[in-house]
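Colleague: Structure provided below as structure tokens; questions to follow.
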Amino acid sequence: MEVLNGKHIVLGVTGSIAAYKAAFLVRLLIKKGAEVQVVMTPSAKEFITPLTLSTLTRKPVVSEFFDRRDGSWNSHVDLGQWADAMLIAPCTAATLGKMASGVADNMLITTYFSMKAPVFVAPAMDLDMYSHPVTQRNIETLTSIGNIFIEPASGELASQLIGKGRMQEPEVIVSALEDYFSKQSQLSKKKVLITAGPTYEAIDPVRFIGNYSTGKMGFALAEECAARGADVTLIAGPVNLKTVNPGINRIDVTSAQQMYEAAMEHFPGSDAAILCAAVADFTPAQTSDTKIKRKGEITLTLKPNPDIAASLGAIKRPDQRMVGFALETNDEFSNAQDKLERKNLDFIVLNSLRDEGAGFGYDTNKVTLIDRNGSDELPLQSKKDVAKAIITKLAGLLFCLAFLFMPFAAQAQELNPTLAINTSKIQGTDKDVFSSLESAVKQLLTNQTWTDYHFTEKERIQCNFNLVINKYDSQTGKMECELTVQSSRPVYGSTYNTTVFNFRDAEVDFTYNEQDRIEYTPGITPDNNLTAILAYYSLLIIGLDFDTMSPNGGTDILRQAENIAASSQSLGGGWRSFDSKANRYSIINDYMNGTLSSFRKLQYDYHRKGLDDMSANADRGRATITESLNLLSEAYQAKSTSALPTLFTEIKKNELINIYSSGISSERSKVVELLIRINPSLSNDWTTIMTQ
Ligand code: PMT
């Protein structure tokens with residue numbers, strides 16, 4: 001998950017008492033794999049020596065325009081091109097002022113002006129300096145051009161006053177950088193079309209029909225998509241806002257008809273569309289070319305405008321996703337559901353004008369996200385945070401699509417299988433039969449495609465089959481074995497893998513003679529127990545994985561595994577006979593028959609809503625995972641004899657310990673209590689969550 005690995009960071013240090021923390025920052029960045037080049041202002045050297053920082057970075061610190069030793073020029077231009085990010089920490093009020101007003105009188109400021117990469121700023125100053133309108137204005141100016149501020153913390157300051165102005169701790173600063181880089185890759189190569197703001201419908205050259213939309217919500221969505229690496233086309237009605245991110249291509253329009261034409265032109269080339277504009281539903285049937293004179297009563301005849309969302313919904317391809325908004329004053333939920341269906345949306349964002357602080361003009365919004373599986377009511381929060389939640393949901397949908405539509409990618413089998421056969425317990429037999437078995441199993445595992453979906457190499461589920469042969473009867477060809485299956489797949493937006501399913505099946509017996517082939521035909525019950533077992537586990541793993549991508553997404557595939565389990569009982573042991581609750585039949589039956597419906601829901605909530613969010617925002621991801629684990633508890637209560645909840649804790653043991661290596665202690669103790677209840681045999685492991 002080290003998103004900073006290999007990143008080039010220019011660390012600008014200015015003259016503040018917090019400059020000593022630059023040493024910790026450098027160490028932390030280097031520990032995360034980043035390469036750091038320090039640039040200091042002359043006064044920063046009064047607080048920390050260049051020697052300390054150059055020793056830690058193993059690079060000479062740059063501070064002067066010319067190198068004192070040989071007079072060579074220190075190129076701020078080169079630094080601007082080398083960096084993946086510039087971080088100014090601590091940043092004094094003086095440096096902020098110079099940055100905002102263009103006073104390039106030291107190496108740090110010239111580097112800042114040459115910077116091609118994003119700039120992060122961690123201010124450090126006295127509370128009155130920080131809250132001073134000039135400082136706040138400078139911050140606003142720099143934010144408006146895309147600089148990212150890491151707000152200072154409150155606490156005791158160098159002046160011994162207490163208030164806001166303390167530079168954030170190095171861990172918080174580094175995690176802001178990590179957040180940025182991990183988010184950046186989420187929507188890279190995705191094209192998102194967004195409509196925002198109102199439309200104006202001309203009555204005559206000076207009058208129009210319009211509404212109160214300011215475009216704030218739509219612009220926040222555009223910035224959030226661009227921050228996650230998307231190419232954004234923002235079709236904006238008449239608003240008084242600027243875009244910051246250069247990844248946003250803005251098309252200004254005035255009327256609904258113009259917005260419709262621009263949207264229809266750009267939608268076919270987009271992966272997703274977000275329809276946030278408050279489009280006028282009606283426009284004057286006739287527009288006067290001259291100003292209408294005030295001569296008694298006039299009647300305006302209105303004709304309907306095109307419904308942009310519905311028109312895009314009608315031409316939406318299966319590989320595209322659409323998000324709409326619903327602005328309602330009454331019967332909010334049912335009206336929104338109706339629009340979701342009518343406009344062929346994937347989800348809709350419901351605004352109610354009855355909610356204080358929500359809707360037109362405010363910097364805040366209160367929305368409910370509604371899709372065909374349910375709804376998620378969000379609290380009143382800034383439009384920026386609402387945009388984050390909407391884009392996280394959209395990014396999840398686009399990620400799932402990536403699995404299903406890969407027109408240009410070579411189709412790969414869903415599983416990336418490895419096979420190991422251990423024959424060390426079999427003495428004095430001609431081993432050719434085992435080589436033959438190995439190549440027959442490998443052939444099946446490598447060549448079989450289990451579904452119609454297209455996978456790319458990168459998305460395949462790693463799946464290891466380890467077969468230990470305990471007994472072999474060379475007369476009959478009967479083998480008694482133990483099979484361990486382990487599977488994992490990449491976590492969205494990170495380099496980390498999550499376990500899909502691990503299981504040790506102690507009762508695998510079958511008959512195999514040299515040169516036998518192992519073949520599986522979908523829909524037909526295999527006549528050999530080994531084929532049935534291999535098909536069962538392959539389908540189970542793929543089905544479970546699909547369930548993690550969309551709620552109950554693996555149903556069709558899991559039904560095939562269930563059919564195999566139901567019809568293969570007579571082929572050999574292990575379908576029902578070993579450990580009563582952990583046999584192949586019960587595993588699939590418990591999962592599919594509804595008794596453990598909360599466990600099935602957990603698959604989706606834990607992976608898609610929680611785990612995939614960990615790399616973008618660890619605190620939020622962890623909080624969602626904690627919430628999702630309640631479903632595990634519910635499943636355990638519903639059927640404590642089922643193997644599945646316990647199995648889940650075993651499969652996810654290391655993952656859970658890793659996830660809860662940080663986080664608040666009340667969250668950790670809640671999780672530990674839950675895990676001990678479900679799987680007391682791992683108590684020692686769970687308690688490490690509290691102590692690590
Ligand atoms: O811009 P702000 O001041 O920040 O305010 C934000 C907002 C309140 C405008 C925004 O959050 C919002 O709710 N936008 C949708 C407003 C709206 O027109 O809702 P609606 O329920 O009338 O329309 C339903 C959906 O159809 C919307 O996605 C809308 O964009 C779309 N539509 C509607 C009519 C039309 N002719 N064409 C459309 O595409």
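The values are calculated or read from the model by the stated rules, or taken from the named source; none is laboratory data. Computed from a prediction, not measured in an experiment: that's the story for all the values here. Positions of Cβ are generated from backbone atoms using ideal geometry, with glycine treated the same way; all protein chains shown enter the neighbour counts.
Colleague: Do we have any residue at all in segment 511-529 that's part of a strand (DSSP E or B) and farther than 14 Å from I564 by Cβ?
Modeller: yes
Colleague: On the basis of being under 15 Å from L221 (Cβ atoms), away from the ligand (no atom under 12 Å from the Cβ) and of a type in the set (A, V, I, L, M), does L380 make the cut?
Modeller: no
Colleague: Would you check if T243 is modelled with pLDDT under 95, of a type in the set (V, I, T) and within 16 Å of the ligand (Cβ to nearest atom)? Even if it seems obvious, please write down each step before you answer.
Modeller: Numbers: modelled with pLDDT under 95: yes; of a type in the set (V, I, T): yes; within 16 Å of the ligand (Cβ to nearest atom): yes.
For T243, the condition - modelled with pLDDT under 95, of a type in the set (V, I, T) and within 16 Å of the ligand (Cβ to nearest atom) - is met.
Colleague: Could we say that S213 is assigned to a loop (DSSP other than H, G, I, E, B) and at pLDDT 95 or above here?
Modeller: Yes: the conditions hold for S213.
Colleague: Right, here's the next one. If S628 meets every condition in (1) surrounded by 16 or more Cβ atoms within 10 Å (Cβ to Cβ); (2) of a type in the set (S, T, N, Q); (3) touching a residue at least 60 places away in the same chain (Cβ under 8 Å) apart from one, which number is that one?
Modeller: Failed condition: (3).
Colleague: For the list (1) within 12 Å of the ligand (Cβ to nearest atom); (2) touching a strand residue (DSSP E or B) at 6+ places or on another chain (Cβ under 6 Å); (3) in a helix (DSSP H, G or I), I need the number of the one condition that L397 fails.
Modeller: Only one criterion in (1) within 12 Å of the ligand (Cβ to nearest atom); (2) touching a strand residue (DSSP E or B) at 6+ places or on another chain (Cβ under 6 Å); (3) in a helix (DSSP H, G or I) is unmet by L397, namely (1).
Colleague: How many residues are assigned to a helix (DSSP H, G or I) and either aliphatic (A, V, I, L, M) or in contact (Cβ under 8 Å) with a residue 60 or more places away in the chain (or both) when one looks only at segment 561-583? Full working, then the answer.
Modeller: So the first thing to find is which residues in segment 561-583 are assigned to a helix (DSSP H, G or I), and the list is 561-567, 569-571.
Restricting the remaining residues to those that are either aliphatic (A, V, I, L, M) or in contact (Cβ under 8 Å) with a residue 60 or more places away in the chain (or both) gives 561, 564-566, 571.
Within segment 561-583, residues that are assigned to a helix (DSSP H, G or I) and either aliphatic (A, V, I, L, M) or in contact (Cβ under 8 Å) with a residue 60 or more places away in the chain (or both) number 5.
Residues checked against (1) out of contact with any Lys or Arg (no Cβ under 8 Å at 6 or more places or on another chain); (2) more than 26 Å from A104 (Cα to Cα):
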residue	(1), (2)
L4	no, yes
T14	yes, no
I17	yes, no
A34	no, yes
V38	no, no
T41	yes, no
F47	yes, no
R58	yes, yes
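Colleague: Please state which of the following conditions A616 fails to meet, knowing it meets all the rest: (1) touching a Lys or Arg at 6+ places or on another chain (Cβ under 6 Å); (2) without any contact (Cβ under 8 Å) to a residue 24 or more places away in the chain; (3) buried (at least 22 other Cβ atoms within 10 Å of the Cβ).
Modeller: Going through (1) touching a Lys or Arg at 6+ places or on another chain (Cβ under 6 Å); (2) without any contact (Cβ under 8 Å) to a residue 24 or more places away in the chain; (3) buried (at least 22 other Cβ atoms within 10 Å of the Cβ) one by one, A616 breaks only (2).
Colleague: Can you tell me how many residues within segment 152-174 are touching a Pro at 6+ places or on another chain (Cβ under 8 Å) and under 18 Å from M86 (Cα atoms)? Don't jump to the end; show me each part of the working.
Modeller: Of all residues in segment 152-174, those touching a Pro at 6+ places or on another chain (Cβ under 8 Å) come to 152, 164-168.
Still in the list and also under 18 Å from M86 (Cα atoms): 152, 167-168.
The number of residues fulfilling the criteria is 3.
For (1) surrounded by fewer than 17 Cβ atoms within 10 Å (Cβ to Cβ); (2) closer than 29 Å to S182 by Cβ, each residue gets a yes or a no:
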site: Q443; (1), (2): yes, no
site: E459; (1), (2): no, yes
site: P490; (1), (2): yes, yes
site: Y496; (1), (2): yes, yes
site: Y512; (1), (2): no, no
site: R517; (1), (2): yes, no
site: G523; (1), (2): yes, no
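Colleague: Filter segment 152-175 for residues that are surrounded by fewer than 18 Cβ atoms within 10 Å (Cβ to Cβ), in contact (Cβ under 8 Å) with a residue 24 or more places away in the chain and not in a strand (DSSP E or B) and give the result.
Modeller: Hits for segment 152-175 are A158, S159, L161, E169, E171.
Colleague: On to the next question. Across segment 68-100, which residue is surrounded by the most Cβ atoms within 10 Å (Cβ to Cβ) among those that are free of Cβ contacts under 8 Å to residues at least 24 places away in the same chain and either closer than 20 Å to I145 by Cα or not acidic (D, E) (or both)?
Modeller: Of segment 68-100, the ones free of Cβ contacts under 8 Å to residues at least 24 places away in the same chain are 68-73, 75, 78, 98.
Filter once more, so that each one left must be either closer than 20 Å to I145 by Cα or not acidic (D, E) (or both): 68-69, 71-73, 75, 98.
On the way: R68: 8, R69: 7, G71: 7, S72: 9, W73: 11, S75: 15, K98: 21.
Applying the filter and picking the extreme gives K98.
Colleague: To continue, here is another question. If the Cβ limit is 6 Å and pairs must be 6+ apart or interchain, which residue in segment 267-295 that is under 30 Å from R317 (Cβ atoms) pairs with which residue that is in a loop (DSSP other than H, G, I, E, B) and more than 15 Å from the ligand (Cβ to nearest atom)?
Modeller: D271/K190
Colleague: Which pairs turn up if I take residues in segment 317-334 that are of a type in the set (S, T, Y) and look for partners that are assigned to a strand (DSSP E or B) with beta carbon separation below 9 Å, at least 6 apart in sequence or on another chain?
Modeller: Listed pairs, sorted by first residue: T329/S352.
Colleague: Scanning segment 116-151 for residues that are in a loop (DSSP other than H, G, I, E, B) and of a type in the set (G, A, S), which turns out farthest from V77 (Cα to Cα)?
Modeller: So, considering only residues that are in a loop (DSSP other than H, G, I, E, B) and of a type in the set (G, A, S), the one farthest from V77 (Cα to Cα) is A124.
Colleague: Scan segment 644-667 residue by residue and report those that are part of a loop (DSSP other than H, G, I, E, B) and either at positive phi or touching a residue at least 60 places away in the same chain (Cβ under 8 Å) (or both).
Modeller: Within segment 644-667, K652, G663 meet the criteria.
Colleague: Between a residue in segment 369-387 that is part of a loop (DSSP other than H, G, I, E, B) and any residue that is surrounded by fewer than 17 Cβ atoms within 10 Å (Cβ to Cβ), which pairs come within a Cβ distance under 7 Å, given they are 6 or more apart or on different chains?
Modeller: Filtered contacts from segment 369-387: L380/G357.
Colleague: Next question. How many of the residues in segment 1-17 are among the aliphatic types (A, V, I, L, M) and modelled with pLDDT under 95?
Modeller: First pass over segment 1-17, keeping only residues among the aliphatic types (A, V, I, L, M): 1, 3-4, 9-11, 13, 17.
From what is left, the residues that are modelled with pLDDT under 95 are 1, 3-4, 17.
The number of residues fulfilling the criteria is 4.
Colleague: Of S628, S640, which residue is modelled with pLDDT of 90 or more and not in a helix (DSSP H, G or I)?
Modeller: S640
Colleague: Among the residues of segment 311-364 satisfying the criterion of being assigned to a loop (DSSP other than H, G, I, E, B) and crowded, with 22+ Cβ neighbours inside 10 Å, which is farthest from the ligand (Cβ to nearest atom)?
Modeller: Looking at the filtered set, the residue picked out is L345.
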